[in-house]
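Q: Please see the structure below; I have some questions.
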Amino acid sequence: MTYLTRAQVRSVDQLAISQLGIPSIVLMENAGRNAANIIRKLILPEHDITPSDAQIAIICGSGNNAGDGYTIARHLHNNQLNLTLYAVKPIKKLTGDALTNAKICQKMDIPIIPIQSKPQIEAARPTFAHAHIVIDAILGTGFTGSVRSPIDTLINTINSLQHPTIIAIDTPSGLEIDAGAPSNATITAHHTITFVAPKIGFKQPSATPFLGHLHVAPIGVPPQLVAYILQSTTIPPNAAS
C-alpha cells in the first residue's frame, strides 16, 4: 500500500494544479463528492435508517479541510440528508476554495451555526449528542504542535459523545500525520476518510486508536503522478496518460 508524507500530500495538489492544469477547486470537489458517497453508501447504512431520517453534524475549521467539509455538506444535502454545519472559523474570514464552498452552502440555505467559543460549544453539545453522524473537518493534514483553545474543548466534547458515529475527513483532527502522534486533543474517529492514499503516520501503533475504519477517496489525480511523487518532486512527461 502507498503511504504519503505531509510534503508529498502537498506535492500531489501542487503538481496536479501547476502541471496538469486541474483547478484546486476541482480537486476539492472530487474529494468532497467521493467522501460524501462513502458516507452515504458505506457508513450511513450502519444506522439502519432512511437518508431522510438521518441527522448529521459537520464541523468545519479553516483551510482545505474546512473546504472539504463544506463540499461534503453540499453533496449530502443534494441527496436529501438532514444536516447542520458548524463553523469554527467565521465564514467571512475563510479564503480560497473553502470560502467559495462555504458561500455556496449559505446560498443553498444549509444551516451554518458558529461554534467559536466554549459557550457555543457547550450549546451545541445536545445537537451533537442526538446526531447519527458527526463529521470532523476541523484540522487537516497540515496540523502540527498542540491544539489551541477552544478547539481542544471542541475535540474533547466530540470524543465524549456516546451515540454518534464520528467520521474524520482526511485525518482525525489533532493527529500529526508524519509521526502518527496524537496531540493534547485528538479526535477518536469510528471512520477516517482520507484522500489519495493513507498518510505515513497512519502505520504507527500510536495512530491506530484514533483512525477507526480507514477509507481512501480519490480526488481525480492520475496514479502515475502519485507514484512519481514518491520518488521525485517534478511531474514525469507521461503523468497525464
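Read the figures in this text as sums done on the coordinates, not as results from a lab. Only a predicted model underlies this, so the values are computations on that prediction, with no experimental measurement involved. A quick note on method: Cβ atoms are made from the backbone with ideal geometry, for glycine too, and the neighbour counts reach across all protein chains shown.
Q: Can you find, within the stretch 99-120, the residue that is surrounded by the fewest Cβ atoms within 10 Å (Cβ to Cβ) among those that are touching a residue at least 40 places away in the same chain (Cβ under 8 Å) and closer than 26 Å to Ala217 by Cα?
A: By that ranking, first place goes to Thr100.
Q: Something else about it: Could you list, ordered by first residue, the pairs with Cβ atoms under 8 Å in which the first is in the stretch 57-85 and free of Cβ contacts under 8 Å to residues at least 24 places away in the same chain and the second is acidic (Asp, Glu), at least 6 apart or interchain?
A: Going by the 8 Å Cβ cut-off, there are no qualifying pairs.
Q: Given the criteria buried (at least 23 other Cβ atoms within 10 Å of the Cβ), in contact with a strand residue (DSSP E or B) (Cβ under 9 Å, 6 or more places away or on another chain) and among the hydrophobic types (A, V, I, L, M, F, W, C), does Ala54 qualify?
A: Answer is no for this residue.
Q: Based on this model, can you work out whether Thr194 counts as in contact with a Pro (Cβ under 7 Å, 6 or more places away or on another chain) and closer than 23 Å to Asn37 by Cα?
A: Numbers: in contact with a Pro (Cβ under 7 Å, 6 or more places away or on another chain): no; closer than 23 Å to Asn37 by Cα: yes.
Against the criterion (in contact with a Pro (Cβ under 7 Å, 6 or more places away or on another chain) and closer than 23 Å to Asn37 by Cα), Thr194 does not qualify.
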